[in-house]
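Trainee: The structure is given below, and queries will be raised subsequently.
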Amino acid sequence: MPEPNPILTEIDPAGIATLTLNRPDRKNGLNKALVDKAIAALERIAADDACRVVVLTGAGSSFCSGMDLAERIEPDELTFMRRVGHLCDLIHRLPLPVIAKVRGGAVGFGANLALCADLVVAGESAVFGEIFAERGLSIDGGGSWLVPRLVGLGRAKEIMLLAARVPGAEAARLGLVNRCIPDADLDATVREWAARLADGPRRALSVIKQQLNASFERSFADAIEAEVLGQSLAFRSKESREGARAYFEKRTPDFRSC
């Protein structure tokens, strides 16, 4: 029988797009079909003005077990890894906030896929396994860029070289993820964060994400200039006018009206 769709996409009326890795029998392990479908889904979301925030999660008891080593790499290693890299870059550059909701194992590429998101909320069952060295592999999924920025170079080397498995609570303590909460509260917490972002200023949040992503590569002077340009445009936007009106009228801004 053919395998079910490896990516499920749902967009609710609030503009929250949920992207679910859907190979639960393989712990959502990565194969060509999953990568291709995920890229196509993210490209559709980026082009859809109705979408305001993305939640990335996995079906079943795991977030993602990394590469499905039981499957053949197609069409070849280099082409496949470039597609994998493109998937990560899409999440990183998507002009919308992305929240990773992590239950269970997030292993190898799966750990770094979660970390590509702007916000990571982990359940107490979550384990982030940077196990590449244990498999005789080098890093993928953007981990060589992401992990040092999140926890510092020394701790990143400890995690990567020793092929560490970091439980959710420890990941939160280290700053690898934003929160670790009871699994029973995970859906409600992510929904609350997603709803708040969906109600926020879509354009301003996109610019803020872009500025923060570039912060380690810019000098202070370059960051100031980027802020000058971004803010001068923001002052002219419908979002800022709505924000100002709401402030003076002592009400919550209605950024969706913009």
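The values are calculated or read from the model by the stated rules, or taken from the named source; none is laboratory data. Values in this document were obtained by computation on a predicted structure and should not be read as measured data. Every residue, glycine among them, receives a Cβ derived from its backbone with ideal geometry; neighbour counts consider all protein chains shown. The area values use the complete protein model at the heavy-atom level, side chains included, leaving out ligands, DNA and RNA. Shrake-Rupley method; radii C 1.70, N 1.55, O 1.52, S 1.80 Å.
Trainee: Which residues, taken from region 40-58, are surrounded by fewer than 18 Cβ atoms within 10 Å (Cβ to Cβ) and either of a type outside the set (D, E, K, R) or in contact with an Asp or Glu (Cβ under 7 Å, 6 or more places away or on another chain) (or both)?
Mentor: ALA40, ALA46, ALA47, ALA50
Trainee: Quick one: count up the residues across region 219-236 that are under 19 Å from PRO95 (Cβ atoms) and open to solvent by 60 Å² or more (accessible area, probe 1.4 Å).
Mentor: Selection size over region 219-236: 5.
Trainee: Which condition breaks for ASP68 when tested against (1) open to solvent by 50 Å² or more (accessible area, probe 1.4 Å); (2) of a type in the set (Asp, Glu); (3) over 16 Å from the mean Cα position of the chain (by Cα)?
Mentor: (1)
Trainee: Could you please give the count of residues in region 118-133 that are aliphatic (A, V, I, L, M) and open to solvent by 10 Å² or more (accessible area, probe 1.4 Å)?
Mentor: Matching residues across region 118-133 total 4.
Trainee: Could you name every one of the helices (runs of 4 or more DSSP H) located completely within region 191-248 that has at least 1 residues being among the β-branched types (Val, Ile, Thr)?
Mentor: Here the list reads 202-213, 220-234.
Trainee: Related question: Does ALA194 count as over 20 Å from ARG149 (Cβ atoms), open to solvent by less than 40 Å² (accessible area, probe 1.4 Å), without any contact (Cβ under 8 Å) to a residue 40 or more places away in the chain and out of contact with any Cys (no Cβ under 9 Å at 6 or more places or on another chain)?
Mentor: no
Trainee: If you don't mind, there's one more thing I want to ask. When both residues are 6+ apart or on different chains and their Cβ atoms are under 6 Å apart, which pairs have a first residue that lies in region 66-92 and is within 20 Å of ARG26 (Cα to Cα), and a second that is in a loop (DSSP other than H, G, I, E, B) and not small (Gly, Ala, Ser)?
Mentor: Hits for this filter: ASP68/ASN31; GLU71/ASN31; PHE80/ILE73.
Trainee: Same structure again: In region 141-155, which residue that is assigned to a loop (DSSP other than H, G, I, E, B) and within 16 Å of the chain's Cα centre (by Cα) is surrounded by the fewest Cβ atoms within 10 Å (Cβ to Cβ)?
Mentor: Among residues in region 141-155 that are assigned to a loop (DSSP other than H, G, I, E, B) and within 16 Å of the chain's Cα centre (by Cα), the one surrounded by the fewest Cβ atoms within 10 Å (Cβ to Cβ) is GLY142.
Trainee: Continuing with this model, one more query. Where residues in region 89-103 are assigned to a loop (DSSP other than H, G, I, E, B) and open to solvent by 10 Å² or more (accessible area, probe 1.4 Å), which of them is nearest to ALA172 (Cα to Cα)?
Mentor: ARG103
Trainee: For region 66-79, how many residues are in a loop (DSSP other than H, G, I, E, B) and either in contact with a Gly (Cβ under 7 Å, 6 or more places away or on another chain) or not charged (D, E, K, R) (or both)?
Mentor: 6
Trainee: Taking the condition of being open to solvent by less than 20 Å² (accessible area, probe 1.4 Å) and in contact (Cβ under 8 Å) with a residue 40 or more places away in the chain, how many residues in region 2-16 meet it?
Mentor: The total comes to 2.
Trainee: So which residues in region 169-187 are in a helix (DSSP H, G or I) and either under 19 Å from LEU19 (Cβ atoms) or hydroxyl-bearing (Ser, Thr, Tyr) (or both), if there are any at all?
Mentor: LEU186, ASP187
Trainee: For region 237-258, which residues satisfy the criterion of being surrounded by 10 or more Cβ atoms within 10 Å (Cβ to Cβ) and not hydrophobic (A, V, I, L, M, F, W, C)?
Mentor: Selection gives SER237, LYS238, GLU239, SER240, ARG241, GLU242, GLY243, ARG245, TYR247, PRO253, ASP254, ARG256.
Trainee: When region 156-190 is examined, which residues are found to be open to solvent by 30 Å² or more (accessible area, probe 1.4 Å) and either free of Cβ contacts under 8 Å to residues at least 12 places away in the same chain or acidic (Asp, Glu) (or both)?
Mentor: LYS157, GLU158, GLU170, ARG173, ASP183, ALA184, ASP185, ASP187, ALA188
Trainee: Among the numbered conditions (1) over 20 Å from ASN31 (Cβ atoms); (2) surrounded by 18 or more Cβ atoms within 10 Å (Cβ to Cβ), tell me where ALA106 comes up short.
Mentor: (1)
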